[in-house]
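Each reported figure results from applying straightforward, stated rules to the coordinates on display, with no laboratory input. A quick note: this is a predicted structure, and the numbers were derived from the prediction, not measured. Methodologically, a virtual Cβ is constructed for each residue, glycine included, from the backbone with ideal geometry; neighbour enumeration extends over all protein chains shown.
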Amino acid sequence: MSKISITQLEDNQFRVSGELTRNSIGHERLLNAKPESKHKTWYFDLSDVSRVDTAGLAWLIHSFAELNQQGIRLELQNTPEQLQKLMQLGQVTNLFE
C-alpha cells in the first residue's frame, strides 16, 4: 500500500502521488484549511498515481465538491487510464472537463 501524497507545486498546481484507493486515502482531506488562492482553477497532476479504485474516484468527487463550494474549479491532468475508465463507468467524466 502506498499512501496518498499531495504536493503543492504552485499556488494552484498540485501533484497527487501514490494510490487513490480505499486503503490509502483513509480520512485524507485535500484541504485542511480554506484556500487563500486567488486562482479560480486548481490543477491536479495525477501522473504519479499508481493505482485507483472507486474510493479514490469518490475522494476526487468530494474534493471537487469542496472546491466548487468555494468557487474553485478542479481540473485533472495526466489522468491514469484506470481512473478514466472508472469515471466513464460512473458517468462523472464531465465533472472534471
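As a length-normalised measure over Cα pairs under 8 Å and 6 or more apart, the relative contact order of the chain settles at 27 percent. Between amide H atoms placed 1.01 Å from N, distances below 5 Å from Ser50 occur with Gly18, Glu19, Leu20, all of them 5 or more places distant or on a separate chain.
If R0 is taken as 35 Å, the Cβ-Cβ distance between Thr41 and Gln91 corresponds to a FRET efficiency of 0.95.
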